[in-house]
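Here's the structure, in structure tokens; my notes come after.
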Amino acid sequence: MLGGSKKTQSSTALRRLMTEYKQLTTHGAPDGMFTAGPISEDNFFEWEALIQGPEGTPFEGGVFLARLTFPTDYPLSPFKMKFDPAIFHPNIYPNGEVCISILHTPGDDPHMYELSSERWSPVQSIEKVVLSVISMLAEPNLESGANIDCCKLYRDDRSEYERRVKQMIREQLGITE
Amino acid sequence: MSDDAISDYYSDEEMEYNYSDPEQDGDDADLENEEEEDYAQFTPAVLGKRPLPWEVEYESLEPDKLREIVNKDVEHVAGIFGVEPEIARALLRHYKWNKERLIEQYMDGPERVLAAAGLPAQSGLPSFSNSRSLAATKKPATKSKSFSCPICASTQPGESAMALPCGHTFCSECWEMYITSKIKDEGECDVRCMEEGCAIRIPTAWMKKLLDSHTYARYQELLLAAYVADNRNFEFCPFPSCDLTVMTPNFSPTPSALSTTVPTVHCGHGHTFCFGCGEQQDHRPLICAVVKMWLRKCADDSETANWIKSNTKECPKCVSTIEKNGGCNHMTCKKCKHEFCWVCMGPWTEHGTAWYNCNRYDEKAGVDARDAQSRSRASLERYLHYYNRYANHEQSARLDRELYAKTEKKMEEMQIASELTWIEVQFAKRAVDELVRCRTTLKWTYAMAFYLEKNNETIMFEDNQRDLERAVEELSELLESPIEPMTITELRSKMTNLTVYVQKRNEIMLNDTAQKYQDGAWIWNVSVPDF
């Protein structure tokens, strides 16, 4: 029992990350939609996640690699999520960083239209965030676009958007036509 | 002045205010019974002397006094519902301190109201009897065994686990961090359960238990700020580091009220501000919406554009802006080398042999251009006429600090030069007080005149303005005059008389404008938006 001893932030973060890792490995993700874990057991603050493209969307069939970077004051502050390689999506910056309200702290709202209930809070978890990102892949949020060109394409020419996404998946998987 | 009297007076006013608000009708009938007792104790004298017709009644409140008023409201509702003050406070906060609406809806269905406000159901409802249980710190099932906090994932003894009645359990340290960040970083006093989508409110008892004294004090401040923000009859003094609040029991700054009234108030520390727009000065007789327009006009560079329009012309070919600073009318554009006539703006070649003078005045394009230019020149001159006078009075009023010091010295001189006592030379200070007040009025009358349509009312307005200004300048001159021991009695009576006269003129000015706002007699030459 640790009760009474003053916990330092990074040890809290480490303990929490280990708990989440344990839960993810024992229960697995729902429908096996993703797997996630530390890149190396020496450093629990850098994770890797493999995400399946949701079925019935242009992303179906793709497998995407994302890096999760945790701050030392996790879970008070949210982690960062970056697709590597970047994927073509309205809410993902061209450098691969994911822009989603659940990964923003209630304090910072650069665009002023996110409800504070949609933001990061310590009761969120890696699993919930990754599941939100998967549903974001299926349903982009054009109000807070990160990749403006992609937003325009999604709005104006849906079939071209879908073609570009499928092409990107093939390229990433190394399938040539 | 008893505390009860003020608070009762206030709640009484809440009712009146309701009558004038079409959104919230329908609950006055119930209320009349509620408030009848209070009404009996109603004493208009609590707010001091009867105000002049163009003034609003107000009272300046110390923070403690404000807290008392808030508590009074809370206890009133707690008494009616038979709940803990804590619950009543949360309900009132949820209803933005609209007591009448809360009472009505609570009577219809207490469970629904409580749930919406994020409060646990009260036992024994709706019979308003012994329901004084605040099941706030209900211990979770893991009591006395160790438990693992889902946030920090640490295993802790059962005592540190805390849950609201919703049952979401976290350790006390995580709760503390969460509540502290809500209060300190977000400035939020309505803190709800940490669990996603859970609306249960965190009770004050928890705040007291978990927060350090500094954060708890901040929490209390936020509560008061929320009360003042939600309540239209309260406003904080906008002066930096002034902690007073001003209450206007008979006046709520609605757009319609502000289109006829200028609610100038003074806090107990002597700061003057407008209850409607927060402008840190007395801007009578001009209403808030027009003050805002005028200040914006003075601040932005629309008049720079006007200057350019009236003092420059554009090259007819390449439209670059040209200011003629001398020489003849045969212009050659520096940029495109186009040659044209400054007078008629036509190409120079058409002037033929009539070198160095232009006889083509009748040409239509030239006439239009000249008309447009003289119009914008006239509009600039008009603006500058009013602005210069406005700025002049502002400048003079700004020098009042200096004038006070000078007058004080003069008052000492007078004492030495004559037999007068300190009390008896106070007339000079009174004169300065009045002078500053009238200059402020005058300043705004010029801004007002700029926006007034020319008609008979305006002519009367300008007459009043002229009379006031003349009297003010006379008084100002008198204050500057040297002190002669021989004439000091004469000076004293002259200055006292003039002060009274100036004061009278100012009253007439304010009275007249206020009356015409009521009658809707002022016609603006621009469309005035709602404030």
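Structure notes:
- Residue match in the range B:429-436 (condition: in contact with a helix residue (DSSP H, G or I) (Cβ under 6 Å, 6 or more places away or on another chain) and either within 25 Å of B:K292 (Cα to Cα) or modelled with pLDDT under 85 (or both)): yes
- Flag for B:R470 being among the basic types (K, R), buried (at least 16 other Cβ atoms within 10 Å of the Cβ) and part of a helix (DSSP H, G or I): no
- When residues in the range B:171-180 are screened for being more than 9 Å from chain A (Cβ to nearest Cβ) and of a type in the set (S, T, Y), 2 of them pass.
- Only residues that are buried (at least 18 other Cβ atoms within 10 Å of the Cβ) and either among the polar types (S, T, N, Q) or closer than 16 Å to B:Q415 by Cβ (or both) were counted across the range B:489-501, and they come to 3.
- Residue check: B:C318 meets all listed conditions (1) part of a loop (DSSP other than H, G, I, E, B); (2) closer than 25 Å to B:R377 by Cβ; (3) touching a residue at least 40 places away in the same chain (Cβ under 8 Å) but one, namely (3).
- Of all residues in the range A:118-146 being in contact with a strand residue (DSSP E or B) (Cβ under 9 Å, 6 or more places away or on another chain) and at pLDDT below 90, the one that is farthest from the other protein chains (Cβ to nearest Cβ): A:A146
- Exclusive hit being out of contact with any Pro (no Cβ under 8 Å at 6 or more places or on another chain), closer than 19 Å to B:R284 by Cβ and assigned by TED's automatic domain parsing to the domain that holds B:N455, set B:E507, B:E477: B:E507
- Of all residues in the range B:96-109, exactly one satisfies the criterion of being within 23 Å of B:W206 (Cα to Cα) and crowded, with 21+ Cβ neighbours inside 10 Å, namely B:W97.
- Evaluated against (1) closer than 25 Å to A:T35 by Cβ; (2) among the small types (G, A, S); (3) more than 17 Å from the chain's Cα centre (by Cα), A:S159 falls short on exactly one condition, (1).
- Single residue of the range A:61-77 satisfying the filter (part of a loop (DSSP other than H, G, I, E, B) and buried (at least 22 other Cβ atoms within 10 Å of the Cβ)) that is nearest to the other protein chains (Cβ to nearest Cβ): A:P75
- Boolean, A:P58 is in contact with a Pro (Cβ under 7 Å, 6 or more places away or on another chain), of a type outside the set (K, R), under 16 Å from A:I134 (Cβ atoms) and crowded, with 19+ Cβ neighbours inside 10 Å: no
- Just one residue in the set B:C242, B:C277 is over 11 Å from the mean Cα position of the chain (by Cα), assigned to a loop (DSSP other than H, G, I, E, B) and either at positive phi or modelled with pLDDT of 85 or more (or both); that residue is B:C242.
- Residue match in the range B:478-486 (condition: of a type in the set (D, E), surrounded by fewer than 14 Cβ atoms within 10 Å (Cβ to Cβ), within 25 Å of the chain's Cα centre (by Cα) and assigned to a helix (DSSP H, G or I)): no
- Members of the range A:81-105 that are away from chain B (no Cβ under 14 Å) and touching an Asp or Glu at 6+ places or on another chain (Cβ under 7 Å): A:K82, A:G96
- Residues being surrounded by fewer than 18 Cβ atoms within 10 Å (Cβ to Cβ) and within 14 Å of chain A (Cβ to nearest Cβ) - total across the range B:181-235: 11
- Selection over the range B:146-170 of residues that are within 51 Å of the chain's Cα centre (by Cα) and either in contact (Cβ under 8 Å) with a residue 60 or more places away in the chain or at the interface with another protein chain (Cβ under 10 Å from one of its Cβ atoms) (or both) gives a count of 10.
The values are calculated or read from the model by the stated rules, or taken from the named source; none is laboratory data. Source: prediction; values computed, not measured. When we count neighbours, we look across all protein chains shown, and the Cβ atoms used for this are built from the backbone with ideal geometry, even at glycine.
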